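Below: the structure, in structure tokens.
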Amino acid sequence: MATAQATDKIPGELKDVPGWFPPLDQLLFTWFLQRQETRGFGGDLVELGAYMGKSAILLGHHLQEGEKFTVCDLFGGEAPDGANAAETAKSYSSLTRQTFERNYLAFHDALPRVIEAPTSVISKEVEAGTCRFVHIDASHLYEHVHDDIGAARDLLLPDGIVVLDDFRSEHTPGVSVATWEAVLNRGLRPICLSTQKLYGTWGDPAPVQEELLELLRGREDCGLSIQHAAGHRLVRTRAQKGMQPPSFPRSRHYTAPEPPQPAAKTTAPTTTPARPRPRSRARRIGADLLPPIVTRALRRSLARGAQESRYR
């Protein structure tokens with residue numbers, strides 16, 4: 001994962017917040033959360049690893065009355081081990097809790113519950129069996145991701161959704177191993193795979209898969225394929241070129257761009273067409289009185305004289 005650049009600019013739109021949250025995953029987050037809400041499926045929300053708040057801002061938009069939203073991240077604090085400290089220094093050196101909170105409050109009136117600590121504490125901070133949606137995007141080290149997946153299983157309600165980031169990036173093999181180990185040995189059942197994330201459940205994936213397939217087949221901006229492996233139906237989707245994220249409320253700091261000003265009209269200067277130079281009176285009289293043959297000879301003689309004068 002390339003390191004995103006921090007900025008002191010207060011975001012006006014979600015796209016202005018630094019982070020890795022492409023349009024396809026914004027669409028899938030929105031769809032899963034709205035599907036839960038329309039079916040009266042309530043529960044708390046948890047994000048493990050928040051970076052600068054891009055996905056947390058979207059999650060907070062779907063917080064329903066009576067629900068809690070908890071975000072857990074080191075935010076540059078002390079890591080639990082040397083490997084985690086090295087990872088934090090390399091990829092997240094610009095991350096601070098103040099940046100996250102500033103970005104989040106640009107879109108929301110109040111912060112979620114923020115836990116500045118390793119994600120290993122989450123099982124002690126959030127009650128088991130209370131969550132409907134857990135997003136895991138913290139450490140890329142196998143041991144930590146393995147434990148985060150176990151925590152998510154304990155926190156989720158039946159049919160709750162877990163999302164695992166970077167499960168197939170070339171620089172995060174630890175996430176890949178922990179993810180597919182959970183699928184093969186720990187009961188996690190994939191619902192769909194995007195370019196960056198695996199969406200899964202410890203419940204029955206079939207009903208939600210069928211509804212999701214109906215959505216994806218009706219969109220021209222999403223590629224779709226289905227494979228089967230180890231007894232699982234794997235729905236793979238990818239964004240087509242030019243895919244746009246779903247609409248999202250702008251921040252309270254949004255300023256509409258100035259409309260382009262029409263170019264000032266310029267009026268070409270008017271010119272008076274040149275009037276033909278009148279012939280001298282003597283030439284007019286000569287042309288009228290002399291015989292035509294003489295007039296023609298005279299004109300030729302005058303023309304030769306003018307031409308010779310130009311080359312002297």
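Each reported figure results from applying straightforward, stated rules to the coordinates on display, with no laboratory input. Since the model is a prediction, treat every value here as computed from it, not as a measurement. Please note: Cβ atoms are built from the backbone with ideal geometry, for glycine as well, and neighbour counts cover all protein chains shown.
If you bin all the Cα-Cα distances of region 203-259 at 5 Å, starting from zero, the percentages per bin are 4, 13, 18, 17, 13, 11, 9, 6, 5, 3, 1, 0.
Rounded to the nearest 0.05, the FRET efficiency derived from the C-beta distance between ARG102 and GLU65 at R0 = 25 Å is 0.45. By the count of other C-beta atoms within 10 Å, a proxy for reagent exposure, LEU213, LEU27 are ordered fewest to most as LEU213, LEU27. Distant-in-sequence amide contacts of ALA117, defined by a placed amide H-H separation under 5 Å and a gap of 5 or more residues or a different chain, comprise ASP73, LEU74.
Of the peptides 48-54, 226-232, the order by per-residue mean of other Cβ atoms within 10 Å, starting with the highest, comes out as 48-54, 226-232. In this structure the amide hydrogen of PHE167, modeled in the peptide plane, comes within under 5 Å of the amide hydrogens of LEU198, none closer than 5 places in sequence on its chain. If R0 is taken as 41 Å, the Cβ-Cβ distance between GLU220 and ILE10 corresponds to a FRET efficiency of 0.70. Taking other Cβ atoms within 10 Å as a rough exposure proxy, ILE136, ILE122 sort from fewest to most as ILE122, ILE136. Packing here is the average count of other Cβ atoms within 10 Å per residue, and on that basis the peptides 176-183, 113-120, 240-247, highest first, run 176-183, 113-120, 240-247. In order along region 17-27, the phi-based Karplus estimate (6.51 cos²θ - 1.76 cosθ + 1.60, θ = phi - 60°) of 3J(HN,Hα) comes to 7, x, x, 10, 8, x, x, 4, 6, 4, 4 Hz; Gly and Pro are listed as x.
If R0 is 30 Å, the Cβ-Cβ spacing of LEU184 and ARG250 corresponds to a FRET efficiency of close to 0.10. Scanning residues 5 or more positions from LEU234 or on other chains, those with amide H under 5 Å from its amide H are GLN227, HIS228, ALA229, with H placed 1.01 Å from N in the peptide plane. Per-residue extension of 0.36 nm, minus the Cα-Cα distance of LEU111 and SER169, leaves a gain of 17.8 nm for this segment.
When each of PHE100, PHE248 is scored by the number of other beta-carbon atoms lying within 10 Å, the sequence from fewest to most is PHE248, PHE100.
Legend: Rg and Dmax of region 14-239, from Cα coordinates, 16.5, 48 Å.
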